[in-house]
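For reference, the structure discussed in these notes is given below.
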Amino acid sequence: QVQLVESGGGLVQPGGSLTLSCVASGRTFINYCMGWFRQAPGKEREFVTMITRRGATDYADSVKGRFTISRDDAKNTVYLQMNNLKPEDTAVYSCAASTRGVAYSAQAYDYWGQGTQVTVSS
């Protein structure tokens, strides 16, 4: 079992920045591909970004150039740096862990955090 706890969400103005953190406990963090997903009210959960065990990353087109995912295996933590935030980025952001080498779909992830709310509004 892996337990994931997100933090860092909040209210930010358009154009602002936030950094989300996700701390993992339980099994060896280094063995997992880590991802961030988000779900806005009335919408389906969508893939945001992922980082493989070796540090390769990929992003949804909607966040490319604005969001950066990173991981610190010594701290069992994955981060999501979000810059130039837009109102359409408003959602609950959740981190997830997958035993697969690369994972894009929610179904490929085995463990999930509870999520943290990000609201972008003036």
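Things worth noting here:
- Residue ID - nearest to Thr90 (Cα to Cα), chosen from residues in region 1-44 that are more than 12 Å from the chain's Cα centre (by Cα) and among the charged types (D, E, K, R): Lys43
- Residues that are over 26 Å from Leu11 (Cβ atoms) and under 13 Å from the mean Cα position of the chain (by Cα), drawn from region 72-89: none
- When region 29-44 is filtered for residues that are surrounded by fewer than 16 Cβ atoms within 10 Å (Cβ to Cβ) and not small (Gly, Ala, Ser), the ones remaining, listed by number, are Ile30, Asn31, Gln39, Pro41, Lys43, Glu44.
- Scanning region 68-86 for residues that are open to solvent by less than 70 Å² (accessible area, probe 1.4 Å) and either under 22 Å from Gly42 (Cβ atoms) or in contact (Cβ under 8 Å) with a residue 60 or more places away in the chain (or both) yields Tyr79, Leu80, Gln81, Met82, Asn83, Leu85.
- Meets criteria (within 19 Å of Gln114 (Cβ to Cβ) and either at pLDDT 95 or above or among the aromatic types (Phe, Trp, Tyr) (or both)) for Gly8: yes
- Checking Gly101, Gly9, Gly26 one by one, the residue that is on the phi > 0 side of the Ramachandran plot and surrounded by fewer than 21 Cβ atoms within 10 Å (Cβ to Cβ) is Gly26 and no other.
- Here Val92, Val118, Val48, Val102 are screened, and the one residue that is more than 13 Å from the chain's Cα centre (by Cα) and in contact (Cβ under 8 Å) with a residue 12 or more places away in the chain is Val102.
The values are calculated or read from the model by the stated rules, or taken from the named source; none is laboratory data. The shown structure was predicted, so the numbers you read here are calculated from the model rather than taken from an experiment. When we count neighbours, we look across all protein chains shown, and the Cβ atoms used for this are built from the backbone with ideal geometry, even at glycine. When the accessible area is computed, the model is the full protein with side chains, heavy atoms only, and any ligands, DNA or RNA have been set aside. Shrake-Rupley method; radii C 1.70, N 1.55, O 1.52, S 1.80 Å.
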